[in-house]
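The values are calculated or read from the model by the stated rules, or taken from the named source; none is laboratory data. This one's a predicted model, so the numbers in the text were calculated from it and none came from an experiment. Cβ: placed from backbone, ideal geometry, glycine included. Neighbour counts: every protein chain shown.
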Amino acid sequence: MQSGTILVINCGSSSIKFALVNAQQGDFALSGLAERLGSAEAVLHWQLDGQKHDLAIAGADHRAALAHLLPLVQQVAGNQLVGIGHRVVHGGEHFTAASRIDAATLAAIRATAPLAPLHNPANLQGIEAALGLFPELPQVAVFDTAFHQTLPEHAYRYALPEVLYREHGVRRYGFHGTSHRYVSVRAAELSGLPVSNSCWLSAHLGNGCSTCAIVDGQSRDTSMGLTPLEGLAMGTRSGDVDANLFGHLSRTLGWSLEKIEQMLNQHSGLLGLSGLSNDMRSLEQASAQGHAGASLAIEVFCYRLAKSLAAMSCALPRLDGLIFTGGIGENSALVRSKTVAHLTLLNLQLEPTANAACVRGQSGPIELPGHPRVLVIATNEERQIALDTLATIQLVTDVN
Ligand code: ADP
């Protein structure tokens with residue numbers, strides 16, 4: 001494995017998450033978040049050697065925030081910093097793996113922006129700011145979609161007129177690829193199986209949620225589609241609905257396209273069902289106190305998740321295990337047990353004490369002995385982005 005430290009950057013429209021990742025060390029020496037960028041409340045939070053720090057950076061944009069970060073990065077990494085890895089949400093069909101950033105890569109990311117109008121322009125802002133501030137460092141784009149470019153055509157095509165695919169790229173792409181890939185490799189390691197001969201169902205359950213079927217280290221199907229709205233019920237996203245809902249709401253309520261999209265992306269999912277919160281921890285507390293909406297939201301979430309996992313099993317020749325990850329997957333024993341209770345046809349069953357013990361970063365197997373593996377695995381997208389960045393830099397160096 002390559003050595004050296006990578007600065008991992010994940011840019012949103014008004015935020016930058018960052019981490020300094022060393023491939024040989026488990027913990028990040030420096031990590032943090034710049035948020036509310038472009039506003040008077042802009043602030044930089046970072047954690048260095050276990051200590052938390054904050055700095056008001058009123059009015060700072062992405063470039064100004066990275067400029068504030070620069071001395072910290074230099075202080076911590078010094079001459080160990082060998083590159084920068086950028087999370088990019090959508091790589092379309094162009095990117096099947098991480099890519100060294102050059103003019104052609106930038107143009108291809110820009111060309112993909114219509115598929116991810118909220119995310120890719122924000123990712124590009126971060127890349128351009130970092131190129132300006134760290135001109136001498138190799139930089140790499142790591143795509144959420146790339147892992148899913150191995151889906152067979154019968155899994156990635158919609159049953160729509162072919163011209164929409166051929167001329168407009170309307171197909172299923174899938175997201176969370178970095179996380180599904182990381183946890184499936186960890187699952188194989190933890191189980192003593194070669195990645196190249198292992199079959200997994202993976203459930204990444206954060207604010208966004210998706211499932212994935214992984215065979216021999218390759219994604220074979222996943223629940224998100226053209227955009228991250230398809231599939232599971234999520235924090236504020238509806239997941240699958242009848243596509244005729246658009247026409248129905250337009251005709252009966254006179255709602256605009258924008259209003260319907262906003263409702264489906266920002267006011268639905270756990271938040272819409274519960275009328276209370278998009279946060280699973282809050283919903284579990286409210287449900288325990290008798291809040292009917294919170295209980296319903298949890299039931300719908302788990303049933304739909306189980307249904308999606310059962311559907312994903314069609315892509316597997318056998319099942320070596322089910323993986324739970326993401327904030328909900330890593331912490332909610334309730335969601336895991338309710339979901340697995342719907343999957344008795346896959347012979348899945350949990351051991352309650354082991355299930356209850358896997359919270360706050362505690363990983364491990366939680367199945368009842370004699371049943372297929374169920375693993376809780378803490379995801380680490382920053383680490384996977386750093387590993388992909390190192391591998392890409394190494395590859396380019398070798399070729400040159
Ligand atoms: P993001 O997708 O933004 O990275 P996370 O992976 O951090 O999100 O997941 C956030 C979700 O994890 C929230 O719904 C949160 O309530 C849930 N979560 C975190 N800890 C717990 C817990 N102890 N019990 C239940 N849900 C939890």
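Which residues, taken from the stretch 273-294, are buried (at least 16 other Cβ atoms within 10 Å of the Cβ), part of a helix (DSSP H, G or I) and away from the ligand (no atom under 14 Å from the Cβ)? Explain how you work it out, then say what you get.
Of the residues in the stretch 273-294, the ones buried (at least 16 other Cβ atoms within 10 Å of the Cβ) are 273-274, 276-280, 283-284, 286-287, 291, 293-294.
Narrowing further to those that are part of a helix (DSSP H, G or I): 273-274, 280, 283-284, 286-287, 293-294.
Across the stretch 273-294, the qualifying residue is only Gly293.
Counting the residues of the stretch 16-28 that are surrounded by 18 or more Cβ atoms within 10 Å (Cβ to Cβ) and part of a loop (DSSP other than H, G, I, E, B) gives 1.
The set of residues from the stretch 140-178 being part of a loop (DSSP other than H, G, I, E, B), of a type outside the set (S, T, N, Q) and buried (at least 17 other Cβ atoms within 10 Å of the Cβ) comprises Asp144, Leu151, Val170, Arg171, Arg172, Tyr173, Gly174, Phe175, His176. Just so you know, in the stretch 125-166 the residues that are of a type in the set (Asp, Glu) and modelled with pLDDT of 95 or more include one that is nearest to Leu70 (Cα to Cα), and it is Asp144. The combined condition, being near the ligand (Cβ under 10 Å from one of its atoms), within 18 Å of Asp240 (Cβ to Cβ), in contact with a helix residue (DSSP H, G or I) (Cβ under 7 Å, 6 or more places away or on another chain) and part of a helix (DSSP H, G or I), is not fulfilled by Leu305.
For the stretch 31-41, state whether one or more residues are surrounded by 18 or more Cβ atoms within 10 Å (Cβ to Cβ) and more than 24 Å from Asn380 (Cβ to Cβ). Checking the stretch 31-41: at least one residue is surrounded by 18 or more Cβ atoms within 10 Å (Cβ to Cβ) and more than 24 Å from Asn380 (Cβ to Cβ).
Selection of the stretch 366-392 for residues being more than 16 Å from the ligand (Cβ to nearest atom), of a type in the set (A, V, I, L, M, F, W, C) and not in a strand (DSSP E or B) yields Leu368, Ala386, Leu387, Leu390, Ala391.
For the stretch 70-93, filtered to residues that are surrounded by 18 or more Cβ atoms within 10 Å (Cβ to Cβ) and in a loop (DSSP other than H, G, I, E, B), the residue that is farthest from the chain's Cα centre (by Cα) is Gly92.
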